[in-house]
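Accompanying notes for the structure given below.
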Amino acid sequence: MSVAQPRKSMSKKSISMSEQAPVWTENHVASRFMNAFRFNSIQTASGEMLVSLYETRGLTALLCAIVAASAALFALLAAGAAEPLLLTVLSVLAMLGVFFLFGLAAGNVRLSDRLETRDIAGLVADQTGEAMLIMRGDGTVIWSNKTGQNLLGGGPLTEISDIEAALGATPQASEALFRLMRAGELGSSHSEMVPAKLSSDALGNPESVHFVRLSVKKFKTPAGTFAGHGALMLLRVSDVTAERAAQQQAMSNLHTTLQGYDRVPVGLANVNADGTLSHMNRTLAERLGFADVEATLARGLKLSDLLTSDGAELLFSMARREQSLDEASSKGCELDLIREDGCVEPMRIITHPAPDGSGGMILAAVERDTDEFEFADSEGAIARFQRFFRSAPLGIATIGRDGSIIAANTAFSRMIIDGNAAKSKPALDILTRSVDADVRAEIAESLAKVTAGQGNIQPVEITAGAKDEYTRRLYMSPLTHARNAPEAAIVYLIDVTEQKALEARYAQSQKMEAVGKLAGFVAHDFNNMLTAIIGFSDFLLQTHRPGDPAHSDIINIKSSANRAAGLVAKLLALARQQTLLVEPLQLGDVMSDLAPLLKRSIGERIELKIHSGRDLWFVKTDKLQLEQAVINLAVNARDAMPDGGRLTIRTRNVTERETQRLSNTGMRPGEYVLIELSDTGSGMPPEVLEKIFEPFFTTKAPGKGTGLGLATVYGIVKQTGGFIYPESTEGEGTIFRIYLPRHHLDEKDTAMIAERVEETEKVNTVDMTGTGRVLLVEDEDVVRSFAVRALKRQGYEVLEASDGLDALDVMKEVDGQVDIVVSDVVMPGMDGPTMLKELRKTNPDLKIIFVSGYPNEAFQQALGEETFAFLPKPFSLPQLAAKVKEQLEN
């Protein structure tokens, strides 16, 4: 009898038979899920085989069949021939029997009952500490272990909604299950830890909060199994409340331990993954000048507040490297920590990753040994340092405590042009020879801070050269290595002339490309429309007095048209690189005046709130441009709130201390006035937020936006010397913060404002009536109609022509008897400059006024030496009449 071996074929046969079962139950699924673990015989550790009784019965039946077949064969054979064969068969059987008996006696073969067919894997799954559920993509549960039923309330689990209810239907659990189902449908793995209210709470309190870990992954099955169920996923749910409590207890113990080290001579701090400090011992707090440690930590103190941003990132990278290498480093690095009073404290910083694996770190700050910074007594060491100092490619100079230059290298002397005699002279005088008063004051303030030991001084740009053709960037750092040394600070000069020129060229090319396209497309036609709107508004105002109900509406129409005209004029001026009209403004008054127009722009479904700070400082900017920037942002906010919402505009003063936190974004510290616009709209994703200021970038449908609104806002703010920073979160809204530099009023500002008011009153009171024959040439019917009426009302005889050819015909009809020609420039058929040349062939002294939405430089070359007057579009009735009278009187 042979030794039985494990029979995998029987397992496969049982699986195929199960597949034919038409009814699916939890036991069937569990049996098929773990069928591979069933067996009929096993091998012992000593190597012998335990033959099951079932296998023995099979062998016995086989032997009986063989004997029966032999007997039948013998019956068919002749008696003489069958006897030898029968004896042979009986001998073989006897020999096998003897071998079997010897094996049984020796213990190599043993008879035993067949092991019960049990779902070993199912038992293992039931005894695990986590719930395991097999689900379809539609959320239907087709199998669950007993742990899942017990952990999730003991009730039936048939749908994903049953699991959600068993987790207390908390928002966090519901959202997590949604994300896990989406991941499972995509065939990917996902895991989350969320708070939940388990219905199976051992304390019987369904309101107690547990923490559960949810994970999902694709459930792989052999080909052909579970047919008709589609893709399956395995969902696991485990209660990790105790594990989380242990972690929190570990952190609490850590904090307790750290508090016990308050008086050790080493500064200790615990830094979270987001950079905030959760603990600081008293030693470190005293060295940094923090009197109330708890209050300091409560206000959200960050590591970047104690270091520059790159210094904080350096420490985090060191902690991550130690964690990846799984070993601590005692070397650390040397950095200057910023005290509460702004001074710097030299420290050696050692980091260690947080033990809870949260991404935070523990740092130790040790007072730096200042002796190692003292020069060696060796003359060779001093000579080597002097050689490095003099040959450095950037300018370096040391500043004494009295502000004078102690030493300077060759590059420093070359960069300030006349630096040979710089030694022993005040650094302020040497560095500010070619700068204005504001920059000199800034450098003086920075020198005072750095010589007093304060760090984190922002770089300052200065000019040098006979024509200020060079730009240098000035960096200052305190020297803290020896407090009794004559050197208090060190100054570095870097030549950035080429960089600034490249930046200016690039910025100008971008600005000109965007603004030039905008101005070229809209200036002419748009100004024609504005001319008609403004002109007919003037006519209506002459017939509607202030008491008339329509008077205020007409004023609003003209005001809006003037504002639009101002925008086009500024765009054209920007394209020609001309100086814009800036004036001192009080932003509270500007926002109040702009409120009615903003309300009409955003509609009635959006609530507008304006909060102006008290005692706002003045800013100096172009009012029309600033208003246009605010309107553009308001319109964008309106588009982000199609179902209504709230737009809030706040203005307040911003101190220099607040702006220092934004220095890493390129903002220069100083005093600013803030305009903050926040909406409750849909928000923007990060990939859109980083492109919103690019010209022609838009997320709106074709025909709904040009992509120039925010680009124009950016240009307006930057041209004013301000800064704009967006902040947005999808589903919550967007905030735009505009920082405009504070402006201190002087006598020139007051005189400029008074002069402009006087000029406005002069235009409004001058006598604009006159006599003479005027030929008006304009291809736009509405503009021509307004201009004809305006000039006739002032007493002029007006002849009309629709283009240059028509004007030549009119001149022939009147034999050239015209006192002045008022003509558009761009017209079909014959344009204005060509017409002028034809007319002056017969009348060289003929006066002409060109009106156009384009600047006069655009057609100056076409006219050559011809003289003419120019009136830009759009123009009002008084402006047209005044210009005609002015030319006729000259």
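The values are calculated or read from the model by the stated rules, or taken from the named source; none is laboratory data. Worth saying up front: this structure is predicted, and the values here are computed from it rather than measured. Using ideal geometry, Cβ is built from the backbone for each residue, glycine included, and neighbour counts are taken over all protein chains shown. SASA here: full protein model, heavy atoms, side chains in, ligands and nucleic acids out. Shrake-Rupley method; radii C 1.70, N 1.55, O 1.52, S 1.80 Å.
Test Thr410 against the stated conditions and say whether it is out of contact with any Gly (no Cβ under 6 Å at 6 or more places or on another chain), at pLDDT 80 or above and surrounded by 15 or more Cβ atoms within 10 Å (Cβ to Cβ).
Against the criterion (out of contact with any Gly (no Cβ under 6 Å at 6 or more places or on another chain), at pLDDT 80 or above and surrounded by 15 or more Cβ atoms within 10 Å (Cβ to Cβ)), Thr410 does not qualify.
When only residues in the stretch 452-469 that are out of contact with any Lys or Arg (no Cβ under 8 Å at 6 or more places or on another chain) and charged (D, E, K, R) count, which is most open to solvent (accessible area, probe 1.4 Å)? In this case the residue turns out to be Lys467. The residue of the stretch 446-462 that is nearest to Arg433 (Cα to Cα), among those that are small (Gly, Ala, Ser) and in a helix (DSSP H, G or I), is Ser446. Filter the strands (runs of 3 or more DSSP E) completely within the stretch 583-664 down to those with at least 3 residues that are touching a strand residue (DSSP E or B) at 6+ places or on another chain (Cβ under 6 Å) and among the β-branched types (Val, Ile, Thr). It comes to 645-654. Thr480 meets the conditions (1) modelled with pLDDT under 85; (2) within 30 Å of the chain's Cα centre (by Cα) in every case but one. The failed one is (2).
Working carefully through the options Val814, Val851, Val825, find the one that is of a type in the set (Val, Ile, Thr), at pLDDT 90 or above and open to solvent by less than 50 Å² (accessible area, probe 1.4 Å).
Val814
If you filter the stretch 602-657 down to residues that are of a type in the set (Ser, Thr, Tyr) and surrounded by 15 or more Cβ atoms within 10 Å (Cβ to Cβ), you find that the one that is nearest to Ile675 (Cα to Cα) is Thr651. When the stretch 304-328 is filtered for residues that are modelled with pLDDT of 75 or more and part of a loop (DSSP other than H, G, I, E, B), only Leu307 remains. Based on what the data block shows, is Ala711 crowded, with 18+ Cβ neighbours inside 10 Å, more than 41 Å from the chain's Cα centre (by Cα) and either at pLDDT 85 or above or not in a loop (DSSP other than H, G, I, E, B) (or both)? Considered against the rule, which asks whether it is crowded, with 18+ Cβ neighbours inside 10 Å, more than 41 Å from the chain's Cα centre (by Cα) and either at pLDDT 85 or above or not in a loop (DSSP other than H, G, I, E, B) (or both), Ala711 comes out as no. Every listed requirement among (1) touching a helix residue (DSSP H, G or I) at 6+ places or on another chain (Cβ under 8 Å); (2) over 14 Å from Phe693 (Cα atoms) is met by Thr712 save one, (2). Whenever a residue of the stretch 594-619 is over 13 Å from Ile649 (Cα atoms), its partners that are part of a strand (DSSP E or B) and among the β-branched types (Val, Ile, Thr), lying with C-beta atoms within less than 9 angstrom and at least six residues away or across chains, give the pairs Leu616/Thr651; Leu616/Val673; Trp617/Val673; Phe618/Val673; Val619/Val673. Arg668 meets the conditions (1) touching a Pro at 6+ places or on another chain (Cβ under 6 Å); (2) charged (D, E, K, R); (3) closer than 15 Å to Tyr725 by Cα in every case but one. The failed one is (1). Being part of a helix (DSSP H, G or I), of a type in the set (Lys, Arg), without any contact (Cβ under 8 Å) to a residue 60 or more places away in the chain and under 26 Å from Phe526 (Cα atoms), is that true of even one residue in the stretch 868-887? Scanning the stretch 868-887, I find at least one residue that is part of a helix (DSSP H, G or I), of a type in the set (Lys, Arg), without any contact (Cβ under 8 Å) to a residue 60 or more places away in the chain and under 26 Å from Phe526 (Cα atoms), so the answer is yes. Against the conditions (1) under 17 Å from Gly360 (Cβ atoms); (2) modelled with pLDDT under 85, Asp341 satisfies every one except (1).
Say whether the condition of being among the charged types (D, E, K, R), modelled with pLDDT of 85 or more and under 37 Å from the mean Cα position of the chain (by Cα) is met by at least one residue in the stretch 184-201. Show your work before the answer.
Here is the first cut: in the stretch 184-201, the ones among the charged types (D, E, K, R) are 185, 192, 197, 201.
Right, trim to modelled with pLDDT of 85 or more and you get 185, 192.
Right, trim to under 37 Å from the mean Cα position of the chain (by Cα) and you get 185, 192.
For the stretch 184-201, residues among the charged types (D, E, K, R), modelled with pLDDT of 85 or more and under 37 Å from the mean Cα position of the chain (by Cα): present.
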